[in-house]
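Have a look at the structure below, then the notes.
The values are calculated or read from the model by the stated rules, or taken from the named source; none is laboratory data. Since this is a predicted model, take the numbers as computed values, not measurements. So basically every Cβ, Gly included, is an ideal-geometry build from the backbone, and we count neighbours across all protein chains shown. Calculation scope for accessible area: heavy atoms of the full protein, side chains included, ligands and nucleic acids excluded. Shrake-Rupley method; radii C 1.70, N 1.55, O 1.52, S 1.80 Å.
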Amino acid sequence: MLELVILGHLAQGPLHGYELRRRVEQLSGHTRPVSDGSLYPAINRLVKRGLLSRHTEPGAAAAQKYVLTLTDAGREELLRRLRDPAQHEITDQARFFTVLAFLSLLPDIQQQHAVLRRRLEFLEAPASFFYDGDRPLRAEEITDPYRRGMLITARAMSRAERAWLHDILDGGQAGTVPAQE
C-alpha cells in the first residue's frame, strides 16, 4: 500500500522527499506510522522500476533536496492498481481507504464504480469476527461485552459505508467533487 500512496501523491505533481513523507504520514500515519526504513526503500524500488524519477536541487542550508517525479510508466502502474485493486485491498478497510483516497485519479467513472461495486459486494456478504462453526455470530448472540462492542461498531461502520456506496453508485453523487472552500 505504501507504493500506491507514493504513486498517488506524486500523480498530483513532483514533491521533495520530506514533503512526500509528510503527505504519506497525513494519509495513514495516524493508524500506521511510516518509518524511514519503509518509505525510502519503497521509493528506491519505484525508482529502480522506472516508475519514479529522482533529481536533486540545492537546499537552503547547502544540503541537497531530492525531488521525486512520477514517470509515464509510474502513472500507468498507478492507474492499473486503481482499476484492479488486489482482493485484500478491497476487504481491508485501511487498504481500501488508501485506494479510495486516489480513486478519482482514474479518468473513467465506470472503472471507479467497478471498484466501488467490489467493495459493496464484500460489505453486503454475511460476515463476523466470531463464528459458530461456519455460521457468523450476530452481536446479539455474543455475551462478552467487548466482542459485542466490536460487532456493534463494525455493523454501524458497515451500514454507513454501504449507504454512501449506494448513493454514489445510484447517481446521488456520482463523479462529482464538492467545491473546496
Arg118 being surrounded by 13 or more Cβ atoms within 10 Å (Cβ to Cβ), over 12 Å from Leu82 (Cα atoms) and either touching a strand residue (DSSP E or B) at 6+ places or on another chain (Cβ under 6 Å) or modelled with pLDDT of 95 or more (or both): yes
Residue ID - nearest to Leu27 (Cα to Cα), chosen from residues in segment 76-107 that are open to solvent by less than 60 Å² (accessible area, probe 1.4 Å) and free of Cβ contacts under 8 Å to residues at least 12 places away in the same chain: Leu100
Identity of the residue in segment 3-30, open to solvent by 40 Å² or more (accessible area, probe 1.4 Å) and of a type in the set (S, T, N, Q), that ends up nearest to Ala73 (Cα to Cα): Gln12
Residue ranges of helices (runs of 4 or more DSSP H) in segment 1-96 with at least 2 members under 30 Å from Glu124 (Cβ atoms): 2-10, 72-83, 87-91
Of the criteria (1) surrounded by fewer than 16 Cβ atoms within 10 Å (Cβ to Cβ); (2) modelled with pLDDT under 95; (3) over 25 Å from Asp170 (Cα atoms), which one Tyr146 fails: (2)
Test: residue in segment 36-50 that is in contact with a Ser or Thr (Cβ under 8 Å, 6 or more places away or on another chain) and free of Cβ contacts under 8 Å to residues at least 40 places away in the same chain: yes
Residues of segment 13-45 satisfying the condition of being touching a strand residue (DSSP E or B) at 6+ places or on another chain (Cβ under 9 Å) and under 15 Å from Phe102 (Cβ atoms): Gly13, Leu15, Leu20, Arg23
